[in-house]
Structures are given as structure tokens and as C-alpha cells.
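Only one structure is covered here, and it is reproduced in the block below.
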Amino acid sequence: MSAPQIQAPRGTYDVLAQQASARVALEARARSILESAGYERIETPTFEATELFARGVGSSTDIVRKEMFSFEDAGGRALTLRPEGTAPVCRAFVEHGMHKRSKPVKLWYLSSFFRHERAQKGRYRQFWQVGAEALGSDDPAVDAESIALASSLLAEMGVRAVRLRLSSLGSPETRGAYREELKAHLRAHEDSLAPEVRERIEDNPLRAFDSADPATRSVMESAPKLLDRLDPDDGAHFAEVRALLTEARVDYEVDPTLVRGLDYYMRTVFEFTSDALGAQSGVGGGGRYDALVQELGGPPTPGMGWACGIERMLLAGEPPVAAPAPVELFVALEHHDEVTRRAAFGLLGEARRAGLAAQMELAGRSLKRQLSHADALGARYVVIVEQQQTVLKDMQAGQQTSLAADAVVHAVLRGQHAL
Ligand code: AMP
């Protein structure tokens, strides 16, 4: 009787070799794009105090209301698996006094995130994001640069049919007044609204713009738009962000109904979607969060950032193919006895210390099978360790020579000329 099989939790998946190499390539491109623009890598813990998200992300957001994996640890502390990256980065910014550094402080990450969502293609309970945050400046050029970098990443990843939607949420005051105006509009048309929209008039009226319900949509067409209510400063900021994006040749559409799932955004917000994806069409998004650092106990510090979903980029893009790691030397054993194994293992260590990509026979194969295995791995050289001698085979030239064990690594390093 075999033991019952244990499977990965619902909504999670294993990254196997083939996908892993596409991810490595994606990470290399993200690093090159972001570090060339002055972003530095940051990694924050997988779990944080629950309060960080309850305060930072906003208690009326879906994330905080129902999607967090929260638990109490053995010491009775309320902890949460991070559902997003911005609040943790801002927490780290405050905790490490990064406001003393020259501004803007630019940070990027590639990490896994956790949300208790209904799992489907492109939507998982553990997923990865690459993200970038710039803290300490409200210059519209920070917004435009940040968006342009996300756009370059998507382009480099070959993500197809990308659209960029852009809007401004203005200041919290403008948004507060606008919310009241919108609530009044929704209440006046309450009978035509879908029940889930009606239910959330009080805590999240902006969500009504996301509804797919036809009657709700027609109510929303005549609803007041936040973009028409921006105060002059925010209006000018938004106009400048748009002008700079045009200057950078980044195409966008202004979408006054764009709402983001997180409460901390103000002024610029944006979202990249790909028509190559199904229902879960968002590939990335972000915006400005000028009050978040202060809300988390830091000095007043404006911020701007985004995150792009790794799985969605891979689904909608042409994942770069990374070549498999080369095998420069395969150490084969004529016989599987202790003396030969120890000699082979010594040789393997010597080869690795010399910087060679080396592997050794580990599965008890016959010599003939070891040679075909080495061939399948694409090994450049095979050394056959025998009791009395060592034989080096050049797999490309099809030649072999017998030599002293301590001359093998040197011969491989010198290449074919040694044979
Ligand atoms: P958000 O923080 O919700 O704006 O998400 C930013 C990006 O992360 C989205 O555009 C998606 O590409 C990706 N993403 C968000 N949630 C999930 C999920 N549950 N599974 C996979 N990717 C996700």
C-alpha cells in the first residue's frame, strides 16, 4: 500500500524546469531595465504584521476584506502573507530611515504574493510580481518614467496586444467630495443597480464603474467623473504626466472610470491590459501613493510605483528561451566500486573548483549508458575513470586519449588542443 498522495494547495502551482528558465530570463530583463534606470533590488519578508495591510492597503478593499491569508502565530501575533508589494516596501523605507537618502529612492522587487481568490487561468493564490517603487518625489517625470519602464518591460517580454489606460484620482479631499457626489448619484438610481453594487454604495461607490451589469452600466454613463473634478494642481500634474508619456512615445488612453483595487492611490493611476489574455486581462498596474509612507508612520513622502504579474506576462508574451546550462565535463565510472567512485568524486570536485560545469554519474548506469546519458546532456567532454587509468573523450571531435587523472582538468581547460 502506498501512502496517500499530497497535492499542492488549491490555486498554487509548481514551477518546473521549463517555466523556470523563462522566469530566469524575465528576471534578467527586469533587472537590466530597472537597474539601468537606478532602481535597487529589495526583498521584504513573505509575511508581515496584518496591521500593515489593514492600514496601508485600506480596510474597504477586497484584499483586506476577503483575500488575505492571515493567521496568528504561536506567540499570538496577527500575521499576513503579503498580498501586494507596495505597503511592505514603504514599511521597509520607514523602518530603515531611507528618507535620509537622496531622492527619489528607487526600489524594485520580484517576489511571490498571496491572495485568497477564486483560482483560474492567470489567477492564482500564490503568484509572482515584478514591481518598482520610487519614493520621495512628486515630480510628474517620476510618474512618466515609472510607467515608461513598465511599458518597456512588457515590450521586452513580447507581451502582445497591450493597452495602457491612464487616469488621475486627484487628492483625497477631491476624491472624498467626489465620492459623496457619486454616492448621491447611485442612491438616486438605486433601483437600477445590480445588488452587489447597491450593497457597496457606502463603502466603495467607485467599484460601480467596474460592473458588467447592463443596467448599472447605463447608470454609470451619466455618473459624474472624477477627472472633471480635479483641483487645478492635480489637473496640471496629470496634464504633465500625459505630455511626458507622449514625449516618451508611450501610447495610452485616458480612462476616467479607471479604479484600482487599493485605497492608497491618489493622482496618477494606470493599468496595462493585454487582449491576448482571457478574463484576467490585467498584466500590470500602479499609481501614485503620496500619503502611504506617512500613514505607516514615516515622514511625508510621495511615492509612485507599479507591479506586473509574472504569470500573466508569460501567458501573454513570448517567454524568452534560455539555453540549458552547458555540461563541460561528465565524469563516468568504468565500475561502480568504492575506489573508482572516490577517484571520480575527487575529479568532480577538482573540475568544479577550476570553474568547469561538471557532473558525475550518480545512478549506477552501465558505462555504455553513461556515455549515451552524457551525450543527451550535451557534455563537451567525458572522462572515464578506470582503476588503472583515466580516459578523456572529446565528444565533439569523437577522439579520446588516456592520461593521468591529475591532468584531466587542465586538458579540458585547454580544449581540444590537449588531445
Ligand atoms: P494588483 O496589485 O491587483 O494591481 O496586481 C498587479 C498585477 O499582478 C496584475 O496586473 C496581475 O498581472 C497580477 N496579479 C494580481 N493578482 C493576481 C493573481 N491572483 N494571480 C496572478 N496574477 C495576479
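Each reported figure results from applying straightforward, stated rules to the coordinates on display, with no laboratory input. On a predicted model such as this, the values are computed, not experimentally measured, just so you know. Cβ atoms come from the backbone with ideal geometry, glycine included; neighbour counts cover every protein chain shown.
Here are the numbers for the structure shown:
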quantity: Share, in percent, of DSSP beta bridges within segment 329-417 that are antiparallel, nearest 5; calculated: 55
quantity: Folded to 0 to 90 degrees: helix 232-247 orientation relative to the chain principal axis, Cα; calculated: 40
quantity: Residue-by-residue Karplus 3J(HN,Hα) for segment 67-73, coefficients 6.51, -1.76, 1.60, Hz, glycine and proline x; calculated: 10, 8, 8, 10, 7, 9, 8
quantity: Whether segment 181-323 is rounded, prolate or oblate, judged on the alpha carbon gyration tensor where a/c under 1.5 counts as rounded; calculated: oblate
quantity: Extreme residue, positive dipole direction of segment 329-417, given options ALA357, VAL339, GLN389 (C-beta unit charges); calculated: ALA357
quantity: Crossing angle, helix 367-377 versus the chain [Cα axis fit, 0-90 degrees, rounded to tens]; calculated: 30
quantity: The chain: most fluctuating residue of LEU193, LEU403, LEU169 per GNM, C-alpha cutoff 10 Å; calculated: LEU403
quantity: Long-range HN-HN contacts of VAL331 with modeled amide H, under 5 Å; calculated: GLN359, MET360, GLU361, VAL383
quantity: Ranked packing of 301-308, 270-277, 142-149, 11-18, most packed first, by mean Cβ within 10 Å; calculated: 301-308, 142-149, 270-277, 11-18
quantity: Virtual paramagnetic centre 7 Å along Cα→Cβ of ALA177, amide N under 18 Å, in segment 210-239; calculated: 224-238
quantity: Percentage relative contact order, the chain, counting C-alpha pairs under 8 Å, at least six apart; calculated: 16
quantity: Mean projected area (nm²) of the alpha-carbon convex hull when the chain is viewed from all directions; calculated: 28.9
quantity: Mean Cβ count within 10 Å, highest first, over the residues of peptides 155-162, 317-324; calculated: 155-162, 317-324
quantity: Neighbourhood net charge (9 Å Cβ-Cβ; Lys/Arg +1, Asp/Glu -1) for THR268; calculated: +1
quantity: Charge dipole (debye, nearest 20) of segment 226-325; +1 at Cβ of Lys and Arg, -1 at Cβ of Asp and Glu; calculated: 220
quantity: Rg over Rh [alpha-carbon atoms, Kirkwood Rh] for segment 329-417; calculated: 0.91
quantity: Estimated distance in nm for a label pair at GLN19 and GLU247, the labels positioned 7 Å out from Cα along Cα-to-Cβ; calculated: 4.1
quantity: Extension gain (nm, one decimal) between MET1 and GLU295, 0.36 nm per residue minus Cα-Cα; calculated: 100.1 nm
quantity: Cα long-axis angle, helix 172-188 against the chain (0 to 90 degrees, to the nearest 10); calculated: 70
quantity: Mean Cα-pair separation over length for segment 22-126, i.e. relative contact order, pairs under 8 Å, 6 or more apart, %; calculated: 30
quantity: Length-normalised contact order for segment 329-417 - Cα pairs under 8 Å, 6+ apart - percent; calculated: 31
